[in-house]
Structures are given as C-alpha cells and as structure tokens.
Amino acid sequence: MGDVLSQNEIDSLLAALSTGELDVEQMQESTEKQIKNYDFKRPAKFSKEHLRTLEIIFEHYGRLISTNLPLYLRKNVQVSVASSETVTFSEFTNALANPVILGIVNFAPLSGNIIIELGTNLGYTMIDRMLGGQGEPLDKTREFSEIELTIIEKMMIVCMQLMREPWKNVLDINPVLDRLETNPQFAQIIAPNDMIAIVTLNMKIGDVEGIMTICLPYFTLEDIMDRLNTKYWYANMQEKVDEGYQEHIGDLIKKVSIPVKALLGRSVISVSDFASLQVGDVIRLNTHVDEELKVYVGNIKKFTALPGSSKEQYAVRVTTVIREGD
C-alpha cells in the first residue's frame, strides 16, 4: 500500500508539474536502471552466503582443534573464527612471510588443493612443547630444521584430519597432506588471478597467540558451491540427526563401561585388628553362606544373586531383578 498516493498527494504533484517545479524528463531519468561497475579481474564468485557457511564450518573445526590438540601439546588451546573474505591468489601469496608454514592439502574427492597456513610463532610453540619445553616461541624467525618440519608435519596431519567432521553436512571429504612448504613461491597451486576464499582463525596455545589461515580456491569448491549455503547445511544436518539419532545414541550407550559389584557382606573391626591382619585370617561378615547377595550397578542396587564359581573364577548367578520402586 506504500505505492498508493492519497488525493492530496496527487493534487500537490499535479500542481508542482504545472508550475514547473518538477521536470518530467528528470523524473524519467531517475527511474532508469542504475549501472554498477564490475571488475572482471576480481569476479565475485563467493557470495556473503558462501562465506557465512564457511564460517559456520570452521567454527565447528575450531572447536575440534581446541579439544584435540591439547592431547598432544599438553597445553590449553583456544581457537575461534576471526574473519572470512575473498581475494585473488596472488594477494594471498604476496602477503606471506618467508619462512612460512604452508600445508598443501589434497581435498579429495574434489579436484584441486587447499592451503593451511600456520603462523610461525605457533609452529615454534608446537615444536617446543612436543620436545618437552614450556612452549615459548623464538625471539627471531629462522629456517626450520628437518626434525622440526617432521614434527610440524605430524601436527598438520592431525589438524587436517579434523576437517572431515565439520564438512560432513556438505560433502564427505578425505583430505590428504600432499607436502609441507616453507617458501610461498613453491605453493602455486592455482593461477595468480584466480579467486579464493580465506577463513582466518585465531589460535592461542597457552599464552602464545597466532593465526591459522585456510585458503579455499574457487576452482576446488566449484562443484559444491550450490551446497555452501546455510539452508542446505542446516537441512542436511537435521536430516542426518533424524535418521539415525536414536540408533547412534543406543550404540554409544552400549559402549559405556559401568562398574558392577556384588556385596558379600559387611563387618566392623578395630584399627589394631586391621593393622595386624595376616594371610589366612578370617573376618566374620553379617551375612550367611546361603543368603542372596546384593549386586550393585554403579551405586544402584539392581540384582540379587547367589555366589559361586565359573571356570575357576569367582562368579554370581542372578536370581532376581530389582525393578524401580521395589
């Protein structure tokens, strides 16, 4: 209803046209479609929706790193998404220092590679922790030795394998670390003018802060660009949850280990008697030999049973099940 004019507005408009306050030609020009400049050197191949979906994926990825890396580094690790943007590949490589830690990852089954850049200060911190140090970065950047590169490569493989779960709602991937580069000139995986999406993660290992950057070329993600939207991501996640949620929870519960104990009886003795106990001494319990034992699952009394043996080992035979409310 906002386009409908009242009678007073129509009268005012006609009066302005008759007095010359409004020019009909200028009004026609103002209604023409505006032309926007388009830079063919930087085509907008990643939309805001694509970048937002990538941020959601790597927020999940950051939580996995925060949970798993402390197992190796024995140090608190915090990871969060800082930003996402699109640039040309040449702009990304020109901003890299030398030396740098670049993991070239084959993003199978997609064609092409992605790059994981790890801040050198974080690399030195990981090396120091893995070799038994306090996790202090170097004051001055230097080249990495072969032993140090081997340690970093193992840590990069751990980080790379953690990408599988966050990408499941989009595609089942099987990333493989092709190689580790410390010179950005040897990491030319695509043409310099090709567009890439960059997701920057803030990483903190103990008191040392740095960044991890994920370089995702459009060439690599081209086949799944239609899936990189939040609607598809959440819909696929909900579908997977609905399909096998109960079965998955059931499988997890079946794998849980819980303590089961059979209580033979109770007794009270003095500290002096306890301190002087010898092999062969008899402690009198408050139960009879033919009396049923109480079997506890965790701290809950769940069964009654009779004592016995099975294959030369002590055992009990369950006689009754104690239901809730009994």
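Readers should treat all values here as calculations from the given coordinates under stated rules, not as data from a laboratory. These numbers come from a predicted model, not from an experiment. Counting neighbours? That spans all protein chains shown, and the Cβs are built from the backbone with ideal geometry, glycine included.
By the count of neighbouring beta-carbon atoms within 10 Å, fewest first, 314, 124, 218 end up ordered 314, 218, 124. Spread over its residues, the convex hull of the C-alpha atoms of region 260-321 is 118 Å³ per residue. Across the options 193, 159, 130, the greatest Cα extent toward the positive end of the charge dipole of region 48-248 (unit charges at beta carbon of Lys, Arg, Asp, Glu) belongs to 130.
Per-residue Karplus couplings for region 177-189, computed as 6.51 cos²θ - 1.76 cosθ + 1.60 with θ equal to phi - 60°, are listed in order as 6, 6, 6, 10, 10, 10, 10, x, 5, 9, 10, 7, 8 Hz, Gly and Pro entered as x.
Past 25 Å, Cα to Cα: identify those pairs from 255/301; 45/204; 140/204, in the order given. The pairs that break the limit, which is 25 Å between Cα atoms, are 45/204. Only Cα sites of region 243-290 enter the Debye sum here, all with the same form factor; the resulting log10 I(q)/I(0) across q = 0.21, 0.24, 0.28, 0.33 1/Å is -0.87, -0.98, -1.07, -1.17, listed in q order.
Per residue, the convex hull around the alpha carbon atoms of region 48-248 comes to 121 Å³. As a rough footprinting exposure proxy, the listed residues 50, 60 were ranked by other beta carbons within 10 Å of their own, and the order from fewest upward is 60, 50. By the count of other C-beta atoms within 10 Å, a proxy for reagent exposure, 213, 125 are ordered fewest to most as 213, 125. Straight-line cross-link reach from residue 48 at under 23 Å between alpha-carbon atoms covers these lysines, not counting any fewer than eight positions away in the same chain: 36, 168, 231. Among the trypsin sites (Lys or Arg not before Pro) in region 103-203, those placed in a DSSP loop whose Cβ has at most 11 other Cβ atoms within 10 Å are 140, 142.
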